[in-house]
Structure formats: C-alpha cells, structure tokens
C-alpha cells in the first residue's frame, strides 16, 4: 500500500471512530437524549466500545484470511479508540450516574 | 420508619386477610362515592368509546397524594418498557400505532363462581373512575410519578366472585404479532420472553386497595405505549409486575408462572417488591434516578407504600424477592 493510501485509510478510520461521539454531541445539542440522558449516554458509549473493540480484534484474522496487509495498519488505532470509549463509558457511570458513591456501585458486584 | 398495620395477621391466613382488605376497599370506594356523588355520571354516560389522547373524567383521590411532582407527560409517554413493541425505550411510542385498543374483551375466569368475558367499555363503567398519583419504580433503577386513572382491581374480582381455593391472580397480555411488532419471529428478534406476557399477584395483593385497574393517565385515555386499553398498576412492586394491555385475568390455586421470572429466575422473583436492601444480581437497588432529576435519590422500602408491609409479615424478603 502506498503512503498516500495508508494516510487516507487512517483518516477514514479516525472519522468513523469519532462519528458516534459527534452524533452524541448533536443529539445532546438538540435535546434528543431521551427522558433519561445519563443512562442513554452510558449505554451509547458502552455499545460503541464493544463495536470498536470487536473491529480491532478482527484485524489480525482479516489479514490472515485475506492476505491483505492494510488491516494491521488499523489494529492499534482501533484498539486505542476502543480504550477511549471504554474510559468515557466508565467516567460517565462513575461521575454522572453514581457521583463516586462506591458503596452503591460495588454492592451488588462484590457478592 | 415502617408503620406496620395489621401486624397480627399471619402469612398463612391469606383468605381471611384478603376478605379483610376487600371490605376496606369496598368501604373506601363507597366513601369516595358518597363524597363525590357526581363522579359516576361522566363514565356512565360515555356514548362513544374513548380513544387514546381523549380526555377521561375522573375524581382525584387525595388519599394517595404524594409531595413528589408528577413526571412530564412527554417523558412518561416516550420512555417506556413494553417489549411487545420492541426492546428500546422509544419503540413503544414510535411503533405503538399498530395496537388497536377497541374493540377489546377481557376474559376473567379460573377459580371463580361467575366467570365472564367483559367488553372493556363495560369494565370502565363498573366503578367511579379515580385519579391517583403513584410512584413508579422500574427494576432498572429509574422512577417516575404518574397520575393514573382507574379503580381498585378488587371491584372487578368481586364481580366474578373468587372461589375459596383461589389464591393467585394471573394477568395475560394480548398476543398478536400484527399489533405487537416485538412478537414477530425473525432473525434478529428478541428471544428472551415467552408470549403472552404473563404476570401475577397473590390474591390478597390483588385485592389490596392500592392495586389499581387502570384505563387512563394524565386526565386522558391510556396511550397505547402505556398499556392501552386496560392494565394494572401495583405501585409497591417493580414496574414490570404491572401488566399492560390485558386480555385475560385468571384466578388460580398455584403461583402463576410470570414472564420475567421464566426468562431469568435469579434476577426477577415472583414478588419483586421494591426493596432498597435487596439488590438485583447485576446492580444495586438502593437508589434510583427520578426521570427529570439529575442526582439519584434513595429508593424507599415498598416504594414508600408502607401500608402493604402487613402482607409480607414473616416472609424472608431476601429469599422471596
């Protein structure tokens, strides 16, 4: 793959990974986050964490099966975006949803 | 904190307790009628069947007033769990148009002396319609405050005269994939619930004056997404216990198999009373987010309806969740 091709690929991947955040921001701006906005944002970020994580994990098998080399160029980028979404998801849950009330959060899972 | 009432009633004396509560319901209904003689007239004289969104006359029963502000109508009608339409919160409001709430029959049978199939418009005229403002606590950890319109379920149950062996009441929701898109079988359809959606109560719970047979909310005929044309509301239990779009009410001797209990017995018990001290296996029930508020608030035992505590005297609420 040419250098220009690789840059174009990464630009597209960045745009695709940032689009869910942009869409979330747009819905927030238009007051379209349902009657329970905190829950909606948490679920939105969690869903996209899983989608991007699955995409990043699919890159190596895709290369193995197809013989293409370009999936490897996206692997780290997608993995880091998955981590970013997971961090945002966790922060929203911790700060907006429960406001650091550790006992509430740990209670049910500590059994 | 708990105000225990009727603490001398043992758990085993279910029938006696039911009769006791039933009489209270009858007296409360009679008192309401005496205080507001004009109530019956609007319901009785309704010529055309009311459609969703039409105003529905009812007299506010101030005995159930709470200091909490009512949830916005917009929120209460667009943020719903009603899996017959779909698993997303906005599915019931966006897809609810396919449900046809008239004509509608409700079959009431099982262990009763006078089984009957009622037209829903005849059910609505059985008793004066009351408006009651109830808290609604969803098992998912959010809550609303809703002014419902209806009358105690005990009125209908007395009409069919349960036999002495009736111990439970089972509610079934309509099954019709042409009206409920969530019931269609497909490649990506949700496979977690068996249709019909069934729910149930112990007979004494069903006869409790708080248990409301509901046909409206916010001064209107019940919208499709909120369980038109007829549902129950049991305010001290998690919301999924309050069955919607009911076509059958059956009295049984055995505890009914309920939809969520069949799908996930470790997570959703038959009783499912609101209890901040008994957590869901996957999250705490100690707090809730009231829709429209930012901070979580403490969840109240029995959702604040302490008058039901006597129904559960002697029960281990951690085991019979």
Shape verdict for the stretch B:61-183, please, from the Cα gyration tensor: rounded (a/c under 1.5), prolate (a/b greater than b/c) or oblate. oblate
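How would the stretch B:14-312 be classified by its alpha-carbon gyration tensor: rounded, prolate or oblate, with rounded meaning a/c under 1.5 and the a/b versus b/c comparison settling the rest? Working shown, then result.
Values: a/c = 1.19, a/b = 1.15, b/c = 1.04.
It is rounded, given that a/c, with a ≥ b ≥ c, falls under 1.5.
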Just grab the label-to-label distance for residue B:113 and residue B:294, each label 7 Å out from Cα along the Cβ direction, in nm (one decimal). 6.0
Compute a Gaussian network model of chain A, connecting alpha carbons closer than 10 Å, and tell me which residue from A:87, A:66, A:56 fluctuates the most. A:66
If each DSSP helix of 4+ residues adds -39,500 (n - 2.57) and the sum is divided by the residues in chain A, what number results at 222 nm, nearest 500 deg cm²/dmol? -27500 deg cm²/dmol
Least to most buried among A:26, B:271 (fewest other Cβ within 10 Å first): A:26, B:271
Can you give the three extents of the C-alpha atoms in chain A along their principal axes, from longest to shortest, in whole Å? 51, 40, 18
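Can you give the FRET efficiency to the nearest 0.05 for residue B:63 and residue A:72, using r as the Cβ-Cβ distance and R₀ = 41 Å?
Working: r = 70 Å, r/R0 = 1.70.
In this case the efficiency is close to 0.05.
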Given an 8 Å cut-off on Cα distances and at least 6 residues of separation, report the relative contact order of the stretch A:3-101 as a percent. 32
Quick one: check the C-alpha center-to-center distance for the stretch B:263-293 versus the stretch B:62-138, whole angstrom. 22
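With 10 angstrom as the radius, rank B:172, A:69 by how many other C-beta atoms surround their C-beta, starting from the fewest. If you can, show how the numbers build up before the last one.
Details: B:172 22, A:69 10.
Ranked by crowding around the Cβ, least crowded first: A:69, B:172.
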If we count other beta carbons within 10 Å of each Cβ, what is the order of A:99, B:64, fewest first? A:99, B:64
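Every number in this text was worked out from the coordinates using simple rules, so none of it is lab data. Note that the structure is a prediction, hence the values are computed from the model and not measured. All Cβ positions, even for glycine, are placed from backbone atoms using ideal geometry, and neighbour counts span all protein chains on display.
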